[in-house]
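> Quick one: this structure, given as structure tokens, is what I'll be asking you about.
The values are calculated or read from the model by the stated rules, or taken from the named source; none is laboratory data. Please read all numbers here as calculations on a predicted model, not as lab measurements. Cβ placement follows ideal geometry from the backbone for every residue including glycine, while neighbour counts extend to all protein chains displayed. Ligands, DNA and RNA are excluded from the accessible area calculation, which covers all protein heavy atoms including side chains. Shrake-Rupley method; radii C 1.70, N 1.55, O 1.52, S 1.80 Å.
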Amino acid sequence: MTKFTANYDDWVDGEDPAIVPSSTVVFSEPHQKKTNSTNTVVMVETAFLASAASLIWLIDYYFPLGPLLKIFFPIPIALIYLRRGTRASWMAALTSGLLLSVLMGPTRSIVFVMPYGFMGIQLGACWRRRVNWQLSIILGALLGSLGIFFRFWLFSLLLGEDLWVYVITQITQFIDWVFLKLGILAQPSFVLIQTLAVGSILLNSLVYLFAVHLVALMLFERLKNPISSPPEWVRVLLND
């Protein structure tokens, strides 16, 4: 608002003082306090959800409960994206990585951030923009598959041994067993083995992302931060 000042020379001369507008601008203190309060809430929520994501990863590592806790790995970071936007979600992913680096070492923190930290950001962006489930699941599955290949590469580098060869060996033995049961007298080709290995990883990621979407659908609805609407057949199954 504009502050006004009076010309007191006119007042001494017996004339009405002239009101001269001053260029001084006075800012509203309540507005500044509201902005500071909002920033504090964003920081607290970001820190809390980053800690929650780290805690879930930590518990699952030391006390594995199968796929139950794994479904919740990207959930906290996706939630902070829905509530506070892009910057807060990136800060949450970075904070989770730094916290896990202190608690478990840099290797374990890296395999959390890639893919689950990035996956939480990707899912939050898709859900906030109301992207359909098919696209968000496919994008998440591709990111999850890249994370699995990254994990193979990182651990192979640290151990000095190619772990992908072990996966190919297991797939080869499985295909040989299937061929034997079916009475097929043939040797599986290398291309077939590689295709089945990559396909199994991608299929696993698709199923995982679908489960994450179901959990987020039921959980975020209660938190007043709903995700994009599921397909019709999913709504029918849930209603039944």
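> Of all the residues that make up segment 54-78, how many are out of contact with any Phe, Trp or Tyr (no Cβ under 7 Å at 6 or more places or on another chain) and part of a helix (DSSP H, G or I)? Let's see the steps before the verdict.
At the first step, the residues of segment 54-78 found to be out of contact with any Phe, Trp or Tyr (no Cβ under 7 Å at 6 or more places or on another chain) are 54-55, 58-72, 75-77.
Now narrow it down to the ones that are part of a helix (DSSP H, G or I): 54-55, 58-62, 67-70, 75-77.
Of the residues in that region, 14 qualify.
> Quick check: anything in segment 69-85 surrounded by fewer than 14 Cβ atoms within 10 Å (Cβ to Cβ) and more than 10 Å from the chain's Cα centre (by Cα)?
No - not one qualifying residue is present in segment 69-85.
> Please determine whether any residue of segment 97-108 is without any contact (Cβ under 8 Å) to a residue 12 or more places away in the chain, in a helix (DSSP H, G or I), of a type in the set (D, E, K, R) and surrounded by fewer than 17 Cβ atoms within 10 Å (Cβ to Cβ).
No - not one qualifying residue is present in segment 97-108.
> So, in segment 42-88, how many residues would count as being in contact (Cβ under 8 Å) with a residue 12 or more places away in the chain, among the aliphatic types (A, V, I, L, M) and closer than 17 Å to Val102 by Cβ?
6
> Could you pull out every one of the helices (runs of 4 or more DSSP H) wholly within segment 127-240 that has 3 or more residues that are surrounded by 15 or more Cβ atoms within 10 Å (Cβ to Cβ) and at pLDDT 95 or above?
The helices (runs of 4 or more DSSP H) meeting that bar are 133-159, 190-222.
> Examine segment 45-65 for a residue that is at pLDDT 90 or above, open to solvent by 70 Å² or more (accessible area, probe 1.4 Å) and more than 30 Å from Leu154 (Cβ to Cβ), and state whether such a residue exists.
Within segment 45-65, none of the residues are at pLDDT 90 or above, open to solvent by 70 Å² or more (accessible area, probe 1.4 Å) and more than 30 Å from Leu154 (Cβ to Cβ).
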